Amino acid sequence: MKTKITELFEIEHPIIQGGMHYVGFAELAAAVSSAGGLGIITGLTQRTPEDLANEIRRCREMTNRPFGVNLTFLPSVTPPDYPGYIRAIVEGGVKIVETAGNNPQKWLPALKEAGIKVIHKCTSVRHSLKAQSIGCDAVSVDGFECGGHPGEDDVPNFILLPRAAEELAIPFVASGGMADGRSLVAALSLGADGMNMGTRFIATQEAPVHDNVKQALLAATELDTRLVMRPLRNTERVLKNAAVDRLLDKERALGPKIKFEDIVPEVAGVYPRIMLKGEMDAGAWSCGMVAGLIHDIPTVKELIDRTMAEAEAIIGKRLAGFMRA
Ligand SMILES: Cc1cc2nc3c(=O)[nH]c(=O)nc-3n(C[C@H](O)[C@H](O)[C@H](O)COP(=O)(O)O)c2cc1C
């Protein structure tokens, strides 16, 4: 399949693995890239720029295909060493960066000067247009279904994607709720040039997370995610568990008075315990509604190959079959 996204990133299939905290290590990124998609290492999961440089080296040893690095810009009192992380990316020869969170404008010149292509993750048409206007090469449009931070507008992909297609000149991928060939064809129909998957890639053999996390995704249905931190305007879609129940109780009890400090036990520093140690009730972790469509733990290559085969069959047989001769 050839789309503006496969051409832009010089990949075989229009499938991207979005950055995921404590999931997007070299093993997963390399597996996705080797299978013809675009794998992404999560920059901030690496504690220092030196660690990121090392992770990039490890990934390069595992694949000779292009891969990217995710840089998430979050509001924080003591911001991470972003210039250091960017140096590690540039010096590591990485040519694709997925930015997310705050407007990446401040960091674009350093990336562009190094010939890096930037895809910015957006949850609205207005943010997508902003990304286009500041010089991003593509956007990843994240609908309300997505795992992680869906923003505060709550527009699902059936509306968001065609709206993005109406307004954008740069290519975009559909993100949020994507699981298989059906998702890919739907995304292309709605105007996207490919798809980005997060949650689905966690339930693969190569995802270097504890088996408990994969089993939790198999057990979950589309009804099992919750939105947390809405009162803080930092909404996150997570898998329901004991910590999330506690967090939501606090939100109800404290109402608009709630502060980040009130929920620190449920959200701060919980990812290593969940993803690496498999302590499934340690805190809130991002998970998309697409969990309801996850029924197995294939290898990344099996997942990508069957997605492409299914997409081709839908386009060539099912859809073509509806047309009268
Ligand atoms: C466990 C998990 C961690 C994530 N961490 C990040 C992150 O650190 N930075 C980021 O930009 N997006 C992050 N995301 C969002 C994904 O990159 C992607 O946009 C999202 O998962 C797409 O929705 P889906 O889960 O329905 O496929 C995370 C998602 C999950 C499920």
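The values are calculated or read from the model by the stated rules, or taken from the named source; none is laboratory data. Note that the structure is predicted; figures quoted are calculated from it, not measured. Ideal geometry is used to build each Cβ from the backbone, glycine not excepted, and the neighbour counts take in all protein chains shown. Heavy atoms of the whole protein, side chains included, go into the accessibility calculation; ligands, DNA and RNA do not. Shrake-Rupley method; radii C 1.70, N 1.55, O 1.52, S 1.80 Å.
Do you know which residues across region 68-121 are on the phi > 0 side of the Ramachandran plot and in a strand (DSSP E or B)?
Gly101
Which condition does Ser34 not pass, out of (1) within 14 Å of the ligand (Cβ to nearest atom); (2) surrounded by fewer than 20 Cβ atoms within 10 Å (Cβ to Cβ), if it passes all the others?
Just one mismatch for Ser34, condition (1).
Only one of these is out of contact with any Cys (no Cβ under 8 Å at 6 or more places or on another chain), within 16 Å of the ligand (Cβ to nearest atom) and at pLDDT 95 or above: Leu217, Leu227, Leu239. Name it.
Matching residue, one of Leu217, Leu227, Leu239: Leu227.
I'd like to verify a number: residues in region 123-138 that are hydrophobic (A, V, I, L, M, F, W, C) and either under 17 Å from the mean Cα position of the chain (by Cα) or within 16 Å of the ligand (Cβ to nearest atom) (or both), how many?
Qualifying residue count for the region: 3.
Taking the options Pro150, Pro156, name whichever one is within 13 Å of the ligand (Cβ to nearest atom) and touching a residue at least 40 places away in the same chain (Cβ under 8 Å).
Pro150
Please work out if Asn102 is open to solvent by 10 Å² or more (accessible area, probe 1.4 Å) and touching a Pro at 6+ places or on another chain (Cβ under 9 Å).
Spelling it out, Asn102 is indeed open to solvent by 10 Å² or more (accessible area, probe 1.4 Å) and touching a Pro at 6+ places or on another chain (Cβ under 9 Å).
Might you let me know whether region 56-73 holds any residue that is farther than 20 Å from Thr6 by Cα, under 12 Å from the mean Cα position of the chain (by Cα), of a type in the set (A, V, I, L, M, F, W, C) and buried (at least 18 other Cβ atoms within 10 Å of the Cβ)?
yes
Could you please give the count of residues in region 152-173 that are open to solvent by less than 60 Å² (accessible area, probe 1.4 Å), under 22 Å from Gly135 (Cβ atoms) and outside any helix (DSSP H, G or I)?
5
Which of the residues spanning region 143-158 are out of contact with any Ser or Thr (no Cβ under 9 Å at 6 or more places or on another chain) and farther than 12 Å from Met289 by Cα?
Phe158
Quick grid of which residues meet (1) touching a strand residue (DSSP E or B) at 6+ places or on another chain (Cβ under 8 Å); (2) closer than 24 Å to Leu303 by Cβ; (3) within 11 Å of the ligand (Cβ to nearest atom):
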{"residue": "Glu50", "(1), (2), (3)": "no, no, no"}
{"residue": "Leu74", "(1), (2), (3)": "yes, no, yes"}
{"residue": "Pro79", "(1), (2), (3)": "no, no, no"}
{"residue": "Lys95", "(1), (2), (3)": "yes, no, no"}
{"residue": "Thr99", "(1), (2), (3)": "yes, no, yes"}
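Kindly provide the set of residues from region 216-241 that are open to solvent by 50 Å² or more (accessible area, probe 1.4 Å) and part of a helix (DSSP H, G or I), ordered by number.
Correct list: Leu218, Ala219, Arg230, Pro231, Leu232.
Pick from region 282-308 the residues that are part of a loop (DSSP other than H, G, I, E, B) and surrounded by fewer than 20 Cβ atoms within 10 Å (Cβ to Cβ): which of them is farthest from the ligand (Cβ to nearest atom)?
The qualifying residue farthest from the ligand (Cβ to nearest atom) is Thr299.
State yes or no: is Val141 open to solvent by less than 10 Å² (accessible area, probe 1.4 Å), within 16 Å of the ligand (Cβ to nearest atom), hydrophobic (A, V, I, L, M, F, W, C) and touching a residue at least 40 places away in the same chain (Cβ under 8 Å)?
Here the answer is yes, as Val141 does meet what is asked.
Please enumerate the residues belonging to region 1-21 that are surrounded by fewer than 20 Cβ atoms within 10 Å (Cβ to Cβ) and either in contact with a Phe, Trp or Tyr (Cβ under 8 Å, 6 or more places away or on another chain) or assigned to a strand (DSSP E or B) (or both).
Within region 1-21, His21 is the sole residue that qualifies.
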